Amino acid sequence: MNSITYSCASGGVGAGTELTVVVTGGAGFLGSHLCEHLVAQGHRVICLDNFHTGRPANVRALAESGRFELIEHDIVVPFESMLPRFDHIYNLACPASPPHYQTDPVATALICSQGTYNCLQAAKRHGARVFHASTSEIYGDPEVHPQTEGYHGNVNTIGPRSCYDEGKRFAETLMTDFGKRHGLVTRMARIFNTYGPRMQPDDGRVVSNFIVQALLGKDITVYGSGEQTRSFCFVSDLIDGFARLMANGDGPLGPMNLGNPVETTVGELARIVTDTVGSRSKVVYKPLPIDDPRRRRPDIAQAKAVLGWSPKVELAAGLRRTIAYFDQQLRHGYLHPANGRPDMVQLSRARPELVGAAP
Ligand code: NAD
Ligand code: UDP
């Protein structure tokens, strides 16, 4: 294990309500926002990440708090014995963008299965509450619309997305059965497409692709006809949902949808992004990836009733904040060849059809 410690945990931890919280995948897009939130709440945070798609820079500023520790570790390798006692664990470690999780599908399946098992074992040893980042992908290409938690999904078991979709479905099963057997409090969020600052410019997901393309004046790559839909949630809304879900009681609770129910076509998203950037980029159409879900919208009745949660940030406002972030990243030369990310270069060479709109 290679440990990068920005700040030693012992100093900032006191008694009382301060919790020690482990966040796997904490250097990624969602994880870094979650760590920031937890540190701001006065908790001590231990972040485990192997930097596959995340980066230390996302959490570097948290070191100043004196309550944040970053450890380089792959969660497929057991870690229960290397941690001090902790109260909560959030399992977010997993590449989330299709080009990234499809690069090594076996690794992805193992992160979801063995990685989740290792989180549960660690939680059992420390008597901790466990949160797992599940996904709307467990509904596959849905035949029920909008998707309620009671819908069991329509997933191909052997397609290019299966390593992630079936991996995340298996993780829900493991969370449920392991939790019951060992009396753990488990919480699972089925996250619908979430965007915001700290997505990687070369992540490959639609919001980051379109924004980077528009800012650079490159073609906007719409896959398929652009009539497929997604429902986009701004990251601050989602993190608020995570906190409420984790804090909700001690009783059993099934997986819960968290997302913004406003549905948008991919073509419409391309138009909003180019208009907001004021870009002259033109739309080009590329083949629709295999098994790409045709529509997706969360039914969030449960989250409203149980957590009193609903998203507040409208798409236009969230996109403006995200565009400002990417604009700054690009100005600082993130995509300059000298700063190139070797994994993206390798990805482009190995599976160019998966990289899609790599800027
Ligand atoms: P991300 O790729 O930015 O973050 C994933 C993080 O996990 C990265 O920091 C990466 O380096 C780390 N990681 C990957 N494999 C690891 C391993 N084996 N061991 C340790 N760390 C590892 O993606 P994100 O959007 O922040 O997603 C976070 C979680 O939320 C993922 O589990 C993802 O499946 C889930 N999710 C996200 C969305 C979304 O819209 N952002 C939607 C549904 C589900
Ligand atoms: N998409 C697109 N152009 C891109 C990237 C993605 O048209 O450059 C489409 C993709 O085919 C899908 C939607 O946008 O229909 C959302 O893709 P993303 O990878 O962001 O998330 P997911 O498919 O996992 O919901």
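Taken together, the values in this text are just the output of simple stated rules run on the coordinates, not laboratory data. Given the structure is predicted, the values throughout are model-derived calculations rather than measurements. Positions of Cβ are backbone-derived with ideal geometry, glycine not excepted, and every protein chain shown enters the neighbour counts.
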The chain: angle of helix 266-277 to the longest principal axis, Cα-based, in degrees nearest 10: 90
Residues whose modelled amide H sits under 5 Å from the amide H of H132, counting only those 5 or more places away in sequence or on another chain, are N91, R187, M188, A189
Cα centre as origin, Lys/Arg/Asp/Glu Cβ charges: the chain dipole, Debye: 340
Against the longest principal axis of the chain, how steep is helix 206-216, in degrees 0 to 90 to the nearest 10, with axes from Cα atoms? 50
Cα centroid distance between region 196-251 and region 60-89, in Å? 26
Excluding residues fewer than 8 positions from K218 in its own chain, the lysines with Cα under 22 Å of it are K282, K286
Where does helix 116-126 land angle-wise versus the long Cα axis of the chain, in degrees 0 to 90, nearest 10? 30
Within 10 Å, Cβ to Cβ, of E227, how many net charges do the neighbouring residues add up to if Lys/Arg are +1 and Asp/Glu are -1? +1
Can you find, among L83, T116, N58, the residue farthest towards the positive end of the dipole of region 57-155? Put +1 on the C-beta of Lys and Arg, -1 on that of Asp and Glu. L83
How about K312: which lysines have a C-alpha closer than 21 Å to its C-alpha, ignoring those fewer than 8 places off in the same chain? K304
Can you show me the helix-derived [θ] at 222 nm for the chain, built from DSSP H runs with n ≥ 4 at -39,500 (n - 2.57) apiece and divided by the number of residues, rounded to the nearest 500. -10500 deg cm²/dmol
W309 neighbourhood, Cβ < 12 Å, K/R = +1, D/E = -1, net charge +1
Considering only L258, A40, A189, whose Cα is most displaced toward the positive end of the charge dipole of the chain, charges sitting on Cβ of Lys, Arg (+1) and Asp, Glu (-1)? A40
Mean 1/r over all different Cα pairs, inverted: what Kirkwood radius does the chain give, in Å? 20.6
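Tell me the net charge near G42. Cut-off is 12 Å between Cβ atoms, G42 excluded, with +1 for each Lys or Arg and -1 for each Asp or Glu.
+1
Out of all DSSP beta bridges in region 84-198, what portion is antiparallel? Express it as a percent rounded to 5. Working shown, then result.
On the way: 0 of 11 bridges.
Taking every DSSP beta bridge with both residues in region 84-198, the antiparallel ones total about 0 percent.
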Ranked on Cβ counts within 10 Å of their own Cβ, fewest leading, D237, D292, D177 go D177, D292, D237
Can you spot the aspartates and glutamates whose alpha carbon is less than 13 Å from K168's alpha carbon? Ignore those fewer than 8 places along the same chain. E137
Packing-ranked peptide list from 276-288, 102-114, highest mean Cβ count within 10 angstrom first, is 102-114, 276-288
Can you list the residues, at least 5 places off or on another chain, whose amide H is less than 5 Å from the amide H of G224, using H built in the peptide plane? K286, L288
The residues C94, C47, sorted from fewest to most surrounding Cβ atoms within 10 Å, come out as C94, C47
Find the centroid of the Cα atoms in region 271-292 and in region 93-149, then give the distance between the two in whole Å. 28
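Evaluate the charge dipole of region 285-325 about its Cα centre and quote only its size in Debye, nearest 20, assuming +1 on the Cβ of each Lys and Arg and -1 on the Cβ of each Asp and Glu.
Working: 9 positive and 4 negative charges, 26 e Å.
Value, rounded to 20: 120 debye.
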Positive dipole terminus of the chain, leading residue within Q302, L315, Q200 (C-beta point charges): L315
